[in-house]
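Below is one structure, written out as structure tokens; comments come after it.
Derivation of every value follows stated rules applied to the coordinates shown; laboratory data play no part. As the structure is a prediction and not an experimental result, all values here were calculated from the model. For neighbour counting, all protein chains shown are included, and Cβ atoms are generated from backbone atoms with ideal geometry for every residue, glycine included.
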Amino acid sequence: MQYKMANPVRGTIGEIKYRCRIEWRNGTFIADEPPSSGGEDTGPDPFTLFLSSVVSCTLATLRMYIDRKGWNIPNIAINANLRQATRNGQLVTHVDKDLYFLSPVSNEQREKLISIAKACPVSRMLEGDIILTTLVGETPEVSAEMLPRTTIDS
């Protein structure tokens, strides 16, 4: 199995409580926790980043489909949030996406676009099996393939 991304997302944290510097292929941004969690709210928190990936993937997938169909739907909006509960000792997370078409769409278009929204790559990934593996290495410059295979699966 190959990595999806040519370059990994890299994060570092210093001594400022909970402020993380995140590097991606084209730049950097700050992630932080809100004051209620001890952070300074200088960037999005991890849950906001997670929901942002769901929202942006859904919007981009819808835009690709709408453009390919040649439909006149210039603006779409999504509000997303999540709820969590424990069921049978397991954490269950519900992600709710509220989809808004800011111009008229037919019932047929609406139904098709709802199915397309559910099929964005990030949504499909979340609906499938996800295995988290943590590798421990000596230096972040070493690629994941070169790290010793000391793993902690969660």
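One table, with the values for the structure above:
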{"quantity": "Lysine pairs meeting the criterion (Cα under 25 Å, 8 or more apart or interchain), as found in the chain", "calculated": "7"}
{"quantity": "Mean Cα-pair separation over length for the chain, i.e. relative contact order, pairs under 8 Å, 6 or more apart, %", "calculated": "13 percent"}
{"quantity": "Estimated inter-spin distance, Val95 and Ala77, nm [label 7 Å along Cα→Cβ]", "calculated": "2.1 nm"}
{"quantity": "For the chain, calculated [θ]222 nm from helices alone, where every DSSP H run of n ≥ 4 adds -39500 (n - 2.57)", "calculated": "-9000 deg cm²/dmol"}
{"quantity": "Pairwise Cα inverse-distance average, inverted: Kirkwood Rh of the chain (Å)", "calculated": "18.6 Å"}
{"quantity": "Nearest 10 degrees, 0 to 90: helix 107-118 Cα axis against the chain principal axis", "calculated": "10 degrees"}
{"quantity": "Cα long-axis angle, helix 46-69 against the chain (0 to 90 degrees, to the nearest 10)", "calculated": "40 degrees"}
